[in-house]
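What follows draws every value from the coordinates through simple rules; no lab data is involved. Computed from a predicted structure; not experimentally measured. Backbone-built Cβ (ideal geometry, glycine too); neighbour counts: all protein chains shown.
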Amino acid sequence: MKALEVQGATKRFGGLVAVNNVSLTVNQGEIFSVIGPNGAGKTTFFNLLTGIYAPDEGRIFLFGKDITGFPPDRVAKEGVGRTFQNIRLFGAMTVLENLLVGMHVHIRVPYFHALFRTPLAQREERRAKEEAERLLAYVGLLHRKDELAKNLPYGEQRKLEIARALALKPRLLLLDEPAAGMNPKETEELQAFIQRLRAELGITVVLIEHDMRLVMRISDRIAVLEYGSKIAEGTPEEVRKNPRVIEAYLGKGAAGGAA
Amino acid sequence: MLEQILSILPQVIFDGLVLGFVYAMVALGYTMVYGVLELINFAHSEIFMIGAVVGVEVFRYLAPQVPNGFLLLLIALLLGGAIAGATAILVERFAYRPLRKRGTTNRLVPLITAIGVSFILQDLVRLIEGLWHNEFFLRMRTVEDLEGSFDLFGGAIFVQTKSLVLILVSMAMLVGLTYLVNRTKLGVAIRAVAQDLQTASLMGIDPDRIISRTFLIGGSLGGVAGVLFALQYTTVNPYVGFLPGVKAFTAAVLGGIGNIPGAMLGGLVLGQLENFFGTYLPILTNGNFGTEYKDVVAFLILILILLLRPQGLLGQVVKEKV
Amino acid sequence: MSLLELKDVHTYYGHIHALKGVSLRVEEGEIVTLIGSNGAGKSTTLRTISGLVRPRQGEVLFQGKPIHRLPAHQIVALGVGHVPEGRRIFPRLTVEENLEIGAYLEKDRKVVQARKEEVYALFPRLYERRQQKGGTLSGGEQQMLAIGRALMQNPRILLMDEPSMGLAPVLVDFIFEIIQRLNREGRTILLVEQNARLALQIAHRGYVLATGEITLYGLARELAENPEVQKAYLGEG
Amino acid sequence: MSALAFALNLGYLALAFLAPGALSNLFGLGALLYTAFARLSPNARALNLALLTLAFTLNLQRSGNTLGLIGLVGILVALTTLPKIPTWVRALLGLAILLLSVPIAGFANTFIFELGIQIGIYAAMALGLNVVVGMAGLLDLGYAAFFAVGAYTWAIFGSEQAKNFLQGNFPLPGEYMYLFMGIAIVTTAITGLLIGLPALRLRGDYLAIVTLGLGEVVRILANNLDHPINITNGPQGITPVQRPPIDGFRNLMAHLGVPLDRTTDYQLFFYLLVLLMIGLVVLVNVNLANSRFGRAWVAIREDEIAARSMGIPLLPTKLLAFMTGAAFSGVMGVIFAAQRTFVSPESFTLLASITILGMVILGGMGSIPGAILGAAALTILNLDILKTFSEFVRTSFPQLPSQVDPAKYERLVFGLVLVLMMIFRPEGLIPERRHRAEMEEA
């Protein structure tokens, strides 16, 4: 089953073609990485997938359903969770509340029930809270649940952002540079964590990442963007040996030296 | 009815032009500050009002001393522009700058401050006028030189001298501003700060200074517009800035906020539309809906533009950073 | 006395401790490179030097004088030029205006004119496009403009943040040749690069930054051969 | 510490007895601040607050000085915000202030009732605006428009005005007011929808100016819809507007041993009605703040893009906040019209909108006790302190021109409140925790 299928997606800003006719397919249960030099259009590509931008051309299918042009909230409802390159938590809310916001679409309380806090509303809130706490325990942040998100150390903020995306119960998880700013040990933990997500929750993961070691170890397949275009796609082994990738990503001088 | 409409059309267009130039000048102040700080400077309405009040006072006190009406107006324009500009600088220095230094990211904070400043200025002027004359509803003194009139196109348009002066002065100011912004070092610096404040500081530009200058320029233009407004429409009070202010903002949005030629164009277009509706609405509805609905028209235009073309007539779509 | 020296600099963004005691120095005439993964604090280091963010602790000395309390526009005046990440050219100013604003502090029109000609000589492409708006340039041209704009200040040190970002390889090579040429002409350069291999090739010395701390430093040649650096930043292993 | 607080409060009680008035009340406010901020044991604090309640009540009853009302509201705030006070003390003391202290003072001095009702109406509206500005972060500068729609909804049908365009028996009997409170919820919510649907698509600062414009449009309509069909009676306004019959209420009070006369019966009735409304509004505020909707509003306020990525639809969620706030304002408009028996466009100017905004800002955006304190402080300032100050100025400086009358400078005062708060304490006097966290980040 194809979790994600992108057909010829293109996005222009004025004269600049940020994403140029990119097609790719991610299979269900895969961990798929998108790499490329800074400014190659990776984040814009994510923003197309999540509906922040509508593509100028091309189509996007999620588990066979055409979601081209869906606004971000509808894409989220279809089961796409995401994190951001520069962490975007709700800083003035507690850790637990951040997760409850993530569960927004799964808390089924009609407005008038919320207004008067009816038994139904109380029940649903309690259930959501328990679920959020379970999730926090799962990612190891339960002891932080009443702290303000902005007061968490950087590494835990990254973790919380992933947890918030998981609260959406996504079928597809998009991670934008999850290892940025992490030291090697934290990166290794992150790798184990992502692999656990797939194994235990069956979530398909697409990530943008700069840390090549992480990418090479974790990915089933990799797509390489340069100048908004896809220049290669394949297993880590294939991508590593692709001369175009070596040239684009590692610099010309690197071609000879790469292992 | 059509005949009636057509017969007064030239006059309606001319009067709309007069109003449009006032809006254009005030709109520039909004658009320049918005361009630099992304702040709707509500207090700009009051800067305009201060210009109008200064105009009235200069005419009140100097008319007997200065025999020449044009010279009198020149003094009023200079003083009105200077006092309004100085007020604008003070407002920036003591109300907006502290917020900027604190680095508040909440966008409501400067906006609420601006509303507060606007209220303070209204009542301060009222207080001053109350102490001075025990009266704050002011009337512009008429001066003979400026009250003359003549007909154009065989009587199709009735032109008052002061309207003509208003148009000429506004045009001169607008040309001057365009030159300043496009051709001088200060102008380039203002545009640089507006586009990217941080990078501008990497060029050795002191953003505070440029922001201050921007308020000075916008404020002086607003003050000059106020003097001309007082001359043209004769009644002035501390609350007279509110409606023209909101409309001038509408004009700025209409032209594309932050865009200087846009503000001029927007002001002229809005002046035409408002005068058009104000004159013809009673005729078209047989007097059921009077001139008073012209303000409603202005607001509806504002909403329509914001919905249909939020970047305005001359504005560009800017990529949002995610 | 070093031209530029950072002593135990700590910088915060809100609650995030971005630089945790960075110390480094740059001597007159050097190319020094700062490498490290995304988010390690490379840009923050440059932004701290040029006054865009203020360190909470530590000192930044330029020609022996502390500058970490000065606002950015005064630091520029001392001779610190900054080519920011993502070029940050002024999109609605023309190429010519972008260059002229670079020499904002220079009062003498003749000097400005002369520098402009030097920049045009270095980047003939910019001369061809001088009446075009900055926003309409291609990525490579924008990078040239950003460098040219900083050169208009005639800085004593040039801070360059990721000049290769998003550029085609042929252009990257061109920009790096320019950097070397500027250095040969006597300019001191502090270069931040994600393309560590290339940066270490042209630099004299280098520092490795990881999560806000300097973890390694030394001659560029030695760093390039260091197995840890190779593993972490040169895509091997 | 405990001894000092006790001494201070006893001292104030004595003062209230011996020399009731503004000066002793100022002393009392000082004592209250000390009691609230000094380190006291929960029991000592409860006892001292009770003492203060007694003293403020006494002072208010004897002197009618309205600072005493601020004191009482201050105690209420202290009761709701200070930690570790036993719940039964909070409830008992709170009810005593609302149901005993204020009415006792009101019977002695009807101005206190009038003030209490005004504070209540404004407080309920401030709480409504709090949902819009405080929770959802939408700067609505035309909030008085909804107040107007609610007020006119009842004024037109609760007077002879409706005869101008409808067949039927007008005015409707007073008891229809209750029905119209419900109808006003619907009409104002629809108005909110009509205004919000275009306005809420816009970025924050544009929203401010558009709501300001639309607020002005509603006022212009109220001012001019006396022709071609006379709906609003234009600038003259509509009067008399029916009040609900209160025979049952009078009997009930008589049974309780509270004899009412012609001047105080409606005042007590409206006072209690307003209290009831505030209770309801507070309840709804709290419920919403802790629901998925409240969290969604805060999320949108903090980061629209992140919020949307959590599946929160922008426009519907914002509309919900806008309409909720509008409905609160509308209901209070109905009560306002009935209580005053008079409605005119003058009550619904930009100044009214800014006044309510000022209350929210002063108290602290998002903060429920803050909104109530803000409403009390600004209403008393406006209706009493400025007027008193005016008299003082007039008698002390008779040579000053009549235009320099402090009572006419409410804009200056509200403007100063807004600017000073934004510069020095943007999170308000009683900050709500999320807003405090937001304002902290530099």
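Can you tell me the FRET efficiency between D:F342 and D:S390 if r is taken as the Cβ-Cβ distance and R0 is 22 Å, rounded to the nearest 0.05? My answer for the efficiency is 0.40.
Within the listed set A:P71, A:P119, A:P236, the residue fluctuating most in the Gaussian network model of chain A (springs between alpha-carbon atoms under 10 angstrom) is A:P119.
As a rough guide to protection, the peptides B:98-108, D:103-113 ranked by mean Cβ packing within 10 Å, highest first, stand as D:103-113, B:98-108. Angle of helix C:109-122 to the longest C-alpha principal axis of chain C, folded into 0 to 90 degrees and rounded to 10: 70°. Placing dummy labels 7 Å off each Cα toward the beta-carbon, the span from C:K133 to A:A199 is 5.4 nm.
Rounded to the nearest 10 degrees, the inclination of helix A:154-167 to the longest alpha-carbon principal axis of chain A is 70 degrees.
As a test of the definition: which semi-axes, in Å, follow for region B:2-308 when you take the square root of five times each eigenvalue of its alpha carbon gyration tensor? Largest first, please. Could you put the intermediate results ahead of the total?
Numbers: eigenvalues 200, 110, 74 Å².
Working through the eigenvalues yields semi-axes of 32, 23, 19 Å.
Placing unit charges on the Cβ atoms of the charged side chains and taking the dipole of chain A about its Cα centre, the candidate lying farthest along the positive direction among A:T68, A:I208, A:L197 is A:T68. Convex hull volume per residue, computed on the Cα atoms of region D:1-139, equals 110 Å³. Estimated purely from DSSP H runs of n ≥ 4, each contributing -39500 (n - 2.57), the mean residue ellipticity at 222 nm for the protein assembly as shown is -18500 deg cm²/dmol once divided by its residues. Only alpha carbons enter this Debye calculation for region B:51-188, each as an equal point scatterer, and the log10 of I(q)/I(0) it gives at q = 0.09, 0.12, 0.14, 0.21 Å⁻¹ is -0.44, -0.73, -0.92, -1.26.
Here B:Q65 and C:E228 are evaluated by their C-beta separation; at R0 = 60 Å the FRET efficiency comes out at 0.10. Taking B:V236, B:V193, B:V175 in turn, the Gaussian network model of chain B (Cα-Cα springs below 10 Å) assigns the largest fluctuation to B:V175. Fewest neighbouring Cβ atoms within 10 Å first, the residues B:V169, D:V241, D:V419 line up as B:V169, D:V419, D:V241.
Based on the mean of other beta carbon atoms within 10 Å per residue, what is the order of B:151-164, D:301-314, C:51-64, most packed first? Don't skip to the end; give the middle numbers.
Numbers: B:151-164: 14.6, D:301-314: 23.0, C:51-64: 17.5.
For the peptides B:151-164, D:301-314, C:51-64, the packing ranking is D:301-314, C:51-64, B:151-164.
In this simple spin-label model, placing a label point 7 Å from the Cα along the Cα-to-Cβ direction at both D:I104 and A:R59 gives a separation of 7.8 nm.
Based on alpha carbons, the Rg and Dmax found for region C:89-154 are 10.5, 31 Å.
Ignore the peptide's own chain and count Cβ atoms of other chains within 10 Å of each Cβ in D:400-411; give me the average, rounded.
On the way: counts 3, 7, 3, 10, 8, 1, 1, 0, 5, 8, 2, 11.
Taking the mean over all residues of the peptide, I get 5.
Taking only the Cα atoms of the protein assembly as shown, the radius of gyration and Dmax are 33.7, 102 Å.
Between 0 and 90 degrees, the angle of helix A:119-139 with respect to the longest Cα principal axis of chain A falls at about 40 degrees. Measuring nothing but alpha carbons in chain D and taking Rh as the Kirkwood radius, the Rg to Rh ratio lands at 0.98. The distance linking region A:59-129 with region C:59-95 is 43 Å (Cα centroid to Cα centroid, whole angstrom). Using every pair of separate Cα atoms, the Kirkwood estimate puts the hydrodynamic radius of region D:171-301 at 18.8 angstrom.
What value in Å³ per residue do you get for the convex hull of the alpha-carbon atoms in region D:288-442? Don't skip to the answer; put the middle values down first.
Numbers: hull volume 23.1 nm³, N = 155.
Measuring per residue, one finds 149 Å³ for the Cα hull of region D:288-442.
Rounded to whole Å, the principal axis extents of the Cα atoms in chain A read 67, 40, 34, largest first.
If N is the number of residues in region D:248-297, what value comes out of its Cα radius of gyration divided by 2.2 N^0.38 Å? Walk me through the numbers on the way to the answer.
Working: Rg = 17.0 Å, N = 50, 2.2 N^0.38 = 9.7 Å.
So region D:248-297 has a normalised radius of gyration of 1.75.
Ordering D:276-285, A:192-201, D:369-378 by mean Cβ neighbour count within 10 Å, with the highest value first, yields D:369-378, D:276-285, A:192-201.
How crowded by other chains is D:192-202, given as the mean number of beta carbons from other chains within 10 Å of each beta carbon? Present the calculation step by step, with values, prior to reporting the outcome.
Numbers: counts 0, 0, 0, 1, 0, 1, 5, 3, 0, 4, 4.
For peptide D:192-202, the averaged partner shielding equals 2.
With both partners inside the protein assembly as shown, how many of the DSSP beta bridges are antiparallel, as a percent to the nearest 5?
60 percent
Legend: ranking of residues B:S201, B:S7, D:S347 from fewest to most surrounding C-beta atoms inside 10 Å; resulting order B:S7, D:S347, B:S201. Hey, quick one: spin label on C:D8, modelled 7 Å out along Cα-Cβ, who in region C:40-70 has an amide N within reach, i.e. under 14 Å? The answer is C:56-60. What would the Debye equation give as log₁₀ I(q)/I(0) for region A:28-172 at q = 0.10, 0.15 Å⁻¹, counting only Cα atoms as equal point scatterers? The calculated log intensity ratios at q = 0.10, 0.15 Å⁻¹ are -0.41, -0.88. Remark: region D:111-360 is approximated by an ellipsoid whose semi-axes, taken from the C-alpha gyration tensor as √(5λ), come to 32, 23, 14 Å, largest first. Each of C:R149, D:R436 has some number of other Cβ atoms within 10 Å of its Cβ, and from fewest to most they run D:R436, C:R149.
Multiplying each eigenvalue of the alpha-carbon gyration tensor of region A:128-259 by 5 and taking the square root yields semi-axes of 33, 16, 12 Å, largest first, rounded to whole angstroms. Charging the Cβ of each Asp and Glu at -1 and of each Lys and Arg at +1, and nothing else, the dipole of chain C about its Cα centre rounds to 700 debye.
Using a Förster distance of 22 Å, how high is the FRET efficiency between D:L280 and A:Q122, based on the Cβ-Cβ distance and rounded to 0.05? It would help to have the intermediate numbers written out before the result.
Working: r = 19 Å, r/R0 = 0.84.
Efficiency at R0 = 22 Å is approximately 0.75.
The alpha-carbon positions of region B:200-315 define a convex hull whose volume is 128 Å³ per residue. When restricted to Cα atoms, region D:97-183 yields an Rg and a Dmax of 17.1, 47 Å, respectively. The mean number of partner chain beta-carbon atoms within 10 angstrom of a residue's beta-carbon across peptide A:140-149 is 1.
Helices that extend 27 Å or more along their long axis by alpha-carbon positions and average at least 0.0 on the Kyte-Doolittle scale are, among the DSSP H runs of chain D, D:42-63, D:110-129, D:176-199, D:204-224, D:265-289, D:314-340.
With a simple spin-label model that places each label point 7 Å from the Cα along the Cα-to-Cβ direction, the separation between C:M1 and A:E147 comes to 4.4 nm.
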